[in-house]
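Worksheet: the structure to be examined is printed underneath.
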Amino acid sequence: MASSIWIQGGDGVITYISGSGASQTVYAGSGTPWTSQSTTPYEIGNNDVSGGPWTAIAAPQVAALSGGAPFTIGSRLVGSGFDYVTEEIPIQMRGTTHDNCVALKHRLWRICNTAFGLPAQLAYQPNGATGVVYYPIYAADIQEHAYFINNEDGRKIMRATLRLTRGAIGTSGSLSTVLNGITVTNVGTGANNNSRQLSALSGELLSSHGAPMNIKIVPSGTGAFRKLWMASGIDRIYTSINTAKTTTTSADYVSGGTAVQTGGRLLYGVKIRVVARFTTFTNLSKARFTCTIRDRNGASGKLLKTFPQQTPLNATASFIDFGYFDISAYRKAIAIEPTFNFVFRLDSSDGTSVTATLDYFEILPYYDFCIIEEISNGAVASEYLYLEQAHNAIAGGAYTYAPRPSFYDRRVSDDTPIYERLMRGRPPRAREPNPGTSGYLWMSWTDTSDQHVKTDTATVTAQALPLYLTLRGGG
Amino acid sequence: MLTIAIFERGAVGTPSTTFVTNLADRISSYEDTVNATGWYESMRCTLTASEDEAMDFLTSWLMRSVIVYSPDAVILWEGFLEGVEVTFGQERRSVSLDLMANRVRVRYTTVNGVAGTTSTTSDTTSQALYGIKDGVVTLSTTTSAIAANLAAVELARRKNPTMTPSTEVGGAAAATIEVSLQFRGWYAALDWVMLSSTSTTLTSNTTQAGTLITTYNATNNFYNSSTEDITSLGVSVSETVTPDTTCLQRMEALLCVGTGADRFAWGFAEGRQFFVRTWAGAAPTTVSYQRGLGESRVFDQYGSEIPLWEVTPDAMVQVVELLDAAPVTTAADAAGRYYVERVTRSIDKDGARLTLEPQATDSVDALLARLA
């Protein structure tokens, strides 16, 4: 078959700009022949007159570099990203009259320049390829060749250059389910626990930038949400402590050495998040918690980090996010299992006797971490929570990555958005820590009383949007 | 990248938790400053907007609060929107709370040299929107009636945010509408309310700092009243406050004497909770940040990288290659290390940048930020 290249307009109408037959259809001024590849009056102009053969341009990666001469030899990569792509597609269009050719040009311009409404998409499936790649179109220009009114005047063929400003990254146009209606229990251990490996992923950029995910979270039973934490990374380490402390000054809960990753060098881009669950408080308002990280030599080992003091919110069970620990200093050239000691301290703010039990703590090696607060999903049965990082503006249309991830409540009955929630940090994206090995999605939440209930459950569905720079093949 | 969370202004300007929007995907540049005295000082971000959006910024956004988070959900900066400037091609409009005063009194003297003060005159509509912001005018050789008239005139002139238009015609007209949002840290709002006291009791300066916040909250309930993070180290000073002293002036007068041996660092940090602590320069050999000459990165003392936007003042910084032969151990500033008084963090399309300023900085930016 011939390559299929089309534009899906903001109104959902498909316009083929590549034909499939040996001859191009001539537009007579009526009908919608462009909706079928075999009858479209548009054609990619892969000839010497219209321009050279076309293929989608791979967006150049923009690298942010640090340091360099005269202090060091070479620079260090500290970040990267992609900018928009502007490319030119040679195109020709045939009409029965001069005016019909111009009408084709007008129509093409209109359907490409809808970004303020529903953006159009450029779809690209080369001959022999299984998959289609979609790019959002932000702006377009069409410049007809001078031949149209000069050398080829009267031939009723307009050769032109379609210049598109489009998104750097193409998508598969549809979401791939990577967690399918699984039950997640709000606890760091046991069956159906809060850290789950994603299904096999597809697309490029998985090891560098990850793929955007839409995540649907339906609370079960009485599991209403006040605050939700989510992360993507490798599997977390769970450690049960179950020790109570009482103090009028400070008292330490000391863990044994904890390896934050097993089996090799620390992965680049991974940081460590420390979270813990405390229960059975007395004088909750006077209790404060800190966490310090020490080297593998135990509680008296070298101090590596002290987290800011945290205040618990619920006297039955509080979930504390202490923050992150950058482990880049421990990413050495040899394969080691970095082991640290995590010391949790209970303080009394004013000398009042306070009691608390450290139930367990989790160490999350993560790429992305976010916090969503003030979630009130009303009557549990009527609303669910939704993280949106990919969307299709047209019903049934191709999915593209959302310019800004958002998290909001939706109505169960018809998926109507209710209102958006404040999300801080970076929402989880589907990652491959190592090629062919999917990453994990982790979550934890507290209810409307700020209580962390270990038996709360939620049904979670996660869908990833595969990304491609140019060709997709069978991916 | 960052989260720039905007919250609706509550009644009488009190910061609310009603989330409005996240500006992070709109802005083209970001810059904030954090100071060892006051903490969150200023923040400015710019964006391109449509005409309708720009008008909304000018008319509805003042006194909204902001919390800026890092990609790791760390709070980087917190404050309120004090000013908006919009460029509509060759037309410029700016609106600001800076010169506003919605509770005014006049301090005057009569022809006989007798001093007096009018009662305060208020605009409750403005106060309901933004909170109470005091203004004082002085007048000599007058009467109480004239002084009262002046108070009314001054209130009418200053009760609303100041709108400053300008027009430039000719030359090449810019085609875009650019919006600049100027935020101030909550510490600056201490300057809004005046107080006085005739008490001569001697009380610890740090205790008085906590009491001052409670007093302020009775007028504008902007702050967390907890004194948990206020050190008990301090010296006893008189409770006397001369009339027309702002709460900010009083706070600085209290804390500038430090512990009597060491200075303090102080300000409103996360959650608008006030802290006072002995400055990091008291232990200059405890280095919080280090960097190399060949690096555009900052590390903690153990070698872990600190993102540029998470670097804060009241810390010692050391440049690794610059080794002092024999630094005075008690000297905060030496050739290789110095005390960071103020930081400026900026992000735009060219990358992220960090500026560290030493103590007793005379940079124009720092001076202007304190005078604003």
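The values are calculated or read from the model by the stated rules, or taken from the named source; none is laboratory data. Please read these numbers as outputs of a predicted model, since none were measured by experiment. Counting neighbours? That spans all protein chains shown, and the Cβs are built from the backbone with ideal geometry, glycine included. In case anyone asks, the SASA skips ligands and DNA or RNA and just uses the protein heavy atoms, side chains included. Shrake-Rupley method; radii C 1.70, N 1.55, O 1.52, S 1.80 Å.
Quick look at the numbers
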read-out	value
Single residue of B:Thr215, B:Thr231 found to be open to solvent by 60 Å² or more (accessible area, probe 1.4 Å) and under 26 Å from B:Gly79 (Cα atoms)	B:Thr215
Test: residue in the stretch A:60-71 that is buried (at least 17 other Cβ atoms within 10 Å of the Cβ) and at pLDDT 90 or above	no
Residues that are within 14 Å of another protein chain (Cβ to nearest Cβ) and either under 20 Å from B:Ala156 (Cα atoms) or outside any strand (DSSP E or B) (or both), drawn from the stretch B:65-116	B:Ser70, B:Pro71, B:Asp72, B:Ala73, B:Val74
Of all residues making up the stretch A:190-207, the number that are surrounded by fewer than 22 Cβ atoms within 10 Å (Cβ to Cβ) and out of contact with any Ser or Thr (no Cβ under 7 Å at 6 or more places or on another chain)	7
Selection from the stretch B:131-162 of residues that are at pLDDT 95 or above and at positive phi	B:Gly131
Odd one out for A:Ile371, checked against (1) open to solvent by less than 10 Å² (accessible area, probe 1.4 Å); (2) within 11 Å of another protein chain (Cβ to nearest Cβ); (3) at pLDDT below 85	(3)
Those residues of the stretch A:442-456 which are open to solvent by less than 30 Å² (accessible area, probe 1.4 Å) and farther than 13 Å from A:Asn194 by Cβ, in sequence order	A:Asp447
Within the stretch A:94-152, considering residues that are more than 21 Å from A:Gly10 (Cα to Cα) and assigned to a strand (DSSP E or B), the one least open to solvent (accessible area, probe 1.4 Å)	A:Gly95
Lone unmet requirement of (1) over 23 Å from A:Pro219 (Cβ atoms); (2) more than 13 Å from the chain's Cα centre (by Cα) for A:Pro403	(2)
Tally, over the stretch B:7-22, of residues that are surrounded by fewer than 19 Cβ atoms within 10 Å (Cβ to Cβ) and touching a residue at least 24 places away in the same chain (Cβ under 8 Å)	7
Yes/no for B:Thr141 being open to solvent by 40 Å² or more (accessible area, probe 1.4 Å) and among the β-branched types (Val, Ile, Thr)	yes
Residue in the stretch B:37-51 that is without any contact (Cβ under 8 Å) to a residue 60 or more places away in the chain and of a type in the set (A, V, I, L, M, F, W, C) present	no
Strands (runs of 3 or more DSSP E) completely within the stretch A:381-441 that count 3 or more residues being surrounded by 17 or more Cβ atoms within 10 Å (Cβ to Cβ)	A:383-391, A:400-411, A:423-425
Among the residues listed as B:Arg157, B:Arg107, B:Arg93, the single one being of a type outside the set (S, T, N, Q), open to solvent by 40 Å² or more (accessible area, probe 1.4 Å) and under 24 Å from the mean Cα position of the chain (by Cα)	B:Arg93
Flag if B:Arg250 is under 28 Å from B:Val74 (Cβ atoms) and not hydroxyl-bearing (Ser, Thr, Tyr)	no
Any chance A:Thr86 is part of a loop (DSSP other than H, G, I, E, B) and within 27 Å of the chain's Cα centre (by Cα)	no
Residues (modelled with pLDDT of 90 or more and aliphatic (A, V, I, L, M)) located in the stretch B:309-336	B:Val311, B:Ala315, B:Met316, B:Val317
Qualifying residue in the stretch B:220-234 (condition: of a type in the set (A, V, I, L, M, F, W, C) and within 23 Å of B:Val12 (Cα to Cα))	yes
Those residues of the stretch B:33-64 which are of a type in the set (A, V, I, L, M, F, W, C), over 25 Å from B:Phe275 (Cα atoms), part of a strand (DSSP E or B) and away from every other protein chain (no Cβ under 14 Å), in sequence order	B:Cys45
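Yes/no matrix, rows are residues, columns are (1) modelled with pLDDT under 75; (2) open to solvent by 60 Å² or more (accessible area, probe 1.4 Å):
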residue: A:Ser232; (1), (2): no, no
residue: A:Thr239; (1), (2): no, no
residue: A:Ala244; (1), (2): no, yes
residue: A:Gly256; (1), (2): yes, no
residue: A:Ala259; (1), (2): yes, no
residue: A:Gly263; (1), (2): yes, yes
residue: A:Leu266; (1), (2): yes, no
residue: A:Gly269; (1), (2): no, no
residue: A:Arg273; (1), (2): no, no
